[in-house]
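The structure under discussion appears below in the form of structure tokens.
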Amino acid sequence: MTADRCDCSRRQAVRSLFTGSILFPAVLQQLLADSGDSLAARAPHFPGTAKRVIFMYMPGGVSHVDSFDYKPKLLAAAEAKEKFRNGKLYVRPHWEFKPRGQCGTMVSELFPHVGSSMDDICLIRSMRGDHNDHFQATLGIHTGSVSVARPSIGSWVSYGLGTENQNLPSFVVLAPKLPYTGAQAWSSDFLPGCHSGTLVTAGPEPVPNLARAAPTQKIEELELGLLARFNRKHQQSRPADAALVARIKSFETAFGMQMEMPEVLDLTKETDATLKLYGLERGSTKGFAWQCIIARRLVERGVRFIELIDVGASDNWDAHADIRTHEPLARNVDQPIAGLLKDLKSRGLLDDTLVVWTTEFGRTPHADSPEGRGHYNRAYSSWMAGGGVKGGIAWGQTDDFGYNVVENEVHVHDFHATILHLLGFDHTRLTFRYAGRDFRLTDVAGNVVKGLLA
């Protein structure tokens with residue numbers, strides 16, 4: 001028997017142990033069937049232009065007026081030492097803006113590589129969120145709520161679409177450290193637990209306990225039998241415990257990951273040219289370049305939602321003291337992001353993969369310290385590429401200083417509604433009943449921004 005055939009029969013054995021009538025009565029079998037079905041691939045409300053999402057989140061608040069929102073009058077006001085109405089001096093953009101691509105969209109020298117892909121990017125310069133603090137704003141861009149815990153956007157997508165690969169989680173998070181909200185950023189909250197994000201951390205052991213020992217067949221049978229016995233005993237006093245069903249499903253996913261995730265993480269077969277495209281040294285297992293190439297490999301294997309987080313809750317884009325700290329952070333992500341876009345496009349994957357880049361809010365045009373900027377949620381920039389969006393455009397506009405949105409505002413709820421629409425969902429109908437109410441990602445608001453659609 002080949003290794004592939006052996007792994008397949010082992011997986012079937014686990015399924016039979018967990019789902020057979022010897023172990024569980026009919027009511028639990030139905031619960032388990034329902035739980036399993038929630039991860040099965042299924043059709044959305046209507047044919048979407050995207051089948052999956054890569055969601056790149058930059059914690060701390062990237063300055064829109066230093067990156068994607070060109071404000072020559074802000075530069076002039078800062079050089080003339082003019083003051084904002086609160087008495088604080090304007091801070092000049094520290095990087096030169098240039099027209100990029102054939103579309104001519106203005107992008108600063110912070111992101112020269114991303115700038116080279118602007119013909120494929122739909123830039124949104126008119127984002128607005130609901131909170132000016134990191135924790136709440138991070139919660140908002142991930143869950144639509146700034147006040148209470150809710151399921152993350154990745155969990156909603158997993159809930160709506162299921163997965164195309166039962167051996168891998170439908171929602172994977174690649175991050176070196178936890179963001180401001182911790183794991184709440186990828187929590188399924190009241191959705192079934194199988195839709196929570198699975199964290200993969202760059203380094204020598206990206207997934208703990210992934211390596212699978214090779215026990216004898218007899219030992220493996222004993223281990224599985226013991227596990228089944230404990231499950232049976234535990235279930236006898238909890239005949240309709242959905243949490244138990246979710247735990248059993250997690251065991252099955254973990255077993256599948258032991259078979260397939262090592263191959264996902266093995267970059268030895270990637271060509272030198274591909275690694276160079278991302279700016280990744282051969283053998284490296286860290287950095288945003290590694291995260292981006294792993295994201296592409298997960299996309300190829302049917303994972304629905306992959307979130308990439310470049311840094312954690314400290315040493316990030318939160319530039320109160322000196323906006324120039326943006327430079328090394330941008331250098332870490334700029335080439336890998338552009339490499340990911342080009343790689344997806346060359347493989348024919350960009351057409352049905354929606355790539356999203358965002359942060360929790362922007363930064364003030366005026367000083368928070370002599371060279372720093374404060375938090376600012378009323379105007380900032382994000383962008384999308386592929387998956388049915390209109391490339392080569394800049395949507396929305398802020399005033400001459402990047403302070404207020406003056407044209408085509410895109411609230412976070414609109415942003416989420418548009419992402420779901422591209423996947424084939426009516427955001428008002430993708431709901432889950434909890435505590436007597438039908439909840440959704442966009443709460444009771446949100447409109448699809450049709451001007452972003454190709």
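Each value in this text was obtained by applying a stated rule to the coordinates, not by laboratory testing. These numbers were taken from a predicted model, which means no experiment stands behind them. Don't worry about glycine lacking a Cβ; one is built from the backbone with ideal geometry, like all the others, and counts go over all protein chains shown.
Pairwise Cα distances in segment 41-119 exceed 21 Å in 50 percent of cases.
When the Cα gyration tensor is reduced to axis lengths a ≥ b ≥ c, the ratio a/c is 1.5 or higher for segment 371-442, and with a/b not above b/c it is classed as oblate.
Listed from fewest to most Cβ neighbours within 10 Å, the set 282, 297, 304, 373 follows the order 282, 297, 373, 304.
For segment 404-454, the Cα-based Rg and Dmax, in that order, read 12.3, 39 Å.
Please arrange 431, 268, 418 by how many other C-beta atoms lie within 10 Å of their C-beta, fewest to most.
In increasing order of surrounding Cβ atoms, one gets 268, 431, 418.
Within the shell of other residues whose beta carbon sits under 15 angstrom from the beta carbon of residue 98, the net charge comes to -4, with Lys and Arg scored +1 and Asp and Glu -1. Remark: segment 116-202 projects, on average over all directions, an area of 7.7 nm² (convex hull of Cα atoms).
Computed from the C-beta positions of residue 276 and residue 43 and an R0 of 25 Å, the FRET efficiency is 0.05 to the nearest 0.05.
Can you tell me how segment 324-390 classifies by the Cα gyration tensor, rounded, prolate or oblate, using a/c under 1.5 as the rounded cut? Oblate shape, in that a/c is at least 1.5 and b/c is the bigger or equal ratio.
Centre-to-centre, using Cα atoms only, segment 429-454 and segment 371-406 are separated by 22 Å. Taking every pair of alpha-carbon atoms in segment 40-197, give the share separated by more than 26 Å as a whole percent. Looking at segment 40-197, the distances longer than 26 Å represent 46 percent of pairs.
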